Amino acid sequence: KVPLGESQFKAYRKVIKKKFIDKTGKQTIGVKLQILRQLSACPHRQELGEYRSKFEYTPKVAAVLSLIDTILNRNEQVLVFSAFTEITDTISRRLLEARVPHVVCDGRMSQKKRAEAAMRFKMGRPGIMLAGQASMAYGHSFSRVNNIISTSKDWALDLWEQEIGRSWRLDSVKDLNLYSIVSVGTVEEAVERLIDEKSNSASMVLDGVSMKPRSENEDLNRLLSEAVHDFESIDGKDHVDERKLEAEWPMLVEQLRNQGVK
């Protein structure tokens, strides 16, 4: 779990306190939740408009890069999944600055180019893949990879399970390390709980226990209610100044640069 950046927090608070109404006068809970999810993962996203933060280097990005450094120090490969291209691009730019070889595979590339990049990664050259969740969670096998970092998730449970399934194979050579980077006090925490609940519900159904499904509206209302409660638990507390993170970046970039030349 990582804290929010100060600018990120202010943008998130602005949205959490606003009611989003459609033309018929009804609340659009889904729209609000989607904006909150984007602010949790990539607050500098252009589509956020007036709710956009000006900083792309967030505590989440810093945590992912620090974790990559730790994994490379173990001489292991790492697969980094993201639901948003913005966070993928931010991590990629930082790795390029540190001269750390990596591949990017997401829906902006042709299937042929993704396959070629995936093959290079499977051969261990390079040791980092930044992968789009929607385009790389199916149809690939990376059994030699024992580290997966999830920077952001889709609403769908099956995509998270499929992410794990890319490396957790019958012929896996090591235990799989799963790192889910979650912004504290945001809708991401509620999504994590929902994923756990849905996983448990699926197990109960498989074991023969009947579960009454909730409607989509019930799920959305509950998710928003939990997201508001989680945010209120951190409102008024200290958050990380993104400018301080930038001041700490030269030290991390040097560490990563040393990894890149091994």
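The values are calculated or read from the model by the stated rules, or taken from the named source; none is laboratory data. Not measured: the values here are computed from a predicted model. Note that each Cβ is placed from the backbone with ideal geometry, even for glycine, and that neighbours are counted across all protein chains shown. Only protein heavy atoms, including side chains, enter the accessible area calculation; ligands, DNA and RNA are left aside. Shrake-Rupley method; radii C 1.70, N 1.55, O 1.52, S 1.80 Å.
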Margin query: Quick test for you: out of Arg99, Arg114, pick the one residue that is charged (D, E, K, R) and more than 25 Å from Asn258 (Cα to Cα).
Written below: Arg114
Item checked: Elements of type helices (runs of 4 or more DSSP H) contained in the stretch 13-126, each with 3 or more residues being modelled with pLDDT under 95 and more than 20 Å from the chain's Cα centre (by Cα) -> 111-122
Notebook entry, point to check: How do the pairs read when you match residues in the stretch 121-136 that are free of Cβ contacts under 8 Å to residues at least 60 places away in the same chain and more than 11 Å from Val80 (Cα to Cα) with residues anywhere that are open to solvent by less than 20 Å² (accessible area, probe 1.4 Å) and of a type in the set (D, E, K, R), using Cβ under 9 Å and keeping only pairs 6 or more apart or on different chains?
Noted result: Ala134/Asp106; Ser135/Asp106
Notebook entry, point to check: Considering only the stretch 1-51, how many residues are touching a His at 6+ places or on another chain (Cβ under 8 Å) and not charged (D, E, K, R)?
Noted result: 5
Check: In the stretch 71-94, what count of residues is obtained for those that are open to solvent by 30 Å² or more (accessible area, probe 1.4 Å), more than 20 Å from Phe142 (Cα to Cα) and either among the basic types (Lys, Arg) or free of Cβ contacts under 8 Å to residues at least 24 places away in the same chain (or both)?
Finding: 2
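Give me the residue from the stretch 20-37 that is touching a strand residue (DSSP E or B) at 6+ places or on another chain (Cβ under 8 Å) and free of Cβ contacts under 8 Å to residues at least 12 places away in the same chain and, out of that set, surrounded by the fewest Cβ atoms within 10 Å (Cβ to Cβ).
From the stretch 20-37, those touching a strand residue (DSSP E or B) at 6+ places or on another chain (Cβ under 8 Å) are 20-21, 27-28; that's our starting set.
Still in the list and also free of Cβ contacts under 8 Å to residues at least 12 places away in the same chain: 21, 27-28.
Numbers: Ile21: 11, Gln27: 14, Thr28: 15.
Per the criteria, the residue is Ile21.
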Check: Quick one: Pro213 ticks every box in (1) loosely packed, with under 14 Cβ neighbours inside 10 Å; (2) modelled with pLDDT under 85; (3) assigned to a helix (DSSP H, G or I) bar one, so which box is it?
Finding: (3)
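Suppose we keep only residues that are surrounded by fewer than 21 Cβ atoms within 10 Å (Cβ to Cβ) and touching a residue at least 24 places away in the same chain (Cβ under 8 Å) within the stretch 48-58. Which one would you say is nearest to Glu254 (Cα to Cα)? It would help to see each step written out before you state the result.
From the stretch 48-58, those surrounded by fewer than 21 Cβ atoms within 10 Å (Cβ to Cβ) are 48-52, 54-57; that's our starting set.
Still in the list and also touching a residue at least 24 places away in the same chain (Cβ under 8 Å): 48, 51-52, 54-57.
Working: Leu48: 32, Tyr51: 33, Arg52: 30, Lys54: 25, Phe55: 21, Glu56: 20, Tyr57: 17 Å.
The extreme case among them is Tyr57.
Each row is one residue, and each column tells you yes or no for (1) at pLDDT below 85; (2) among the polar types (S, T, N, Q); (3) part of a helix (DSSP H, G or I).
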residue	(1), (2), (3)
Arg166	yes, no, yes
Ile195	yes, no, yes
Lys198	yes, no, yes
Asn217	yes, yes, yes
Glu254	no, no, yes
Next item on the list: Check the stretch 1-13 and report whether any residue there is within 23 Å of Leu224 (Cβ to Cβ) and acidic (Asp, Glu).
Entry: no
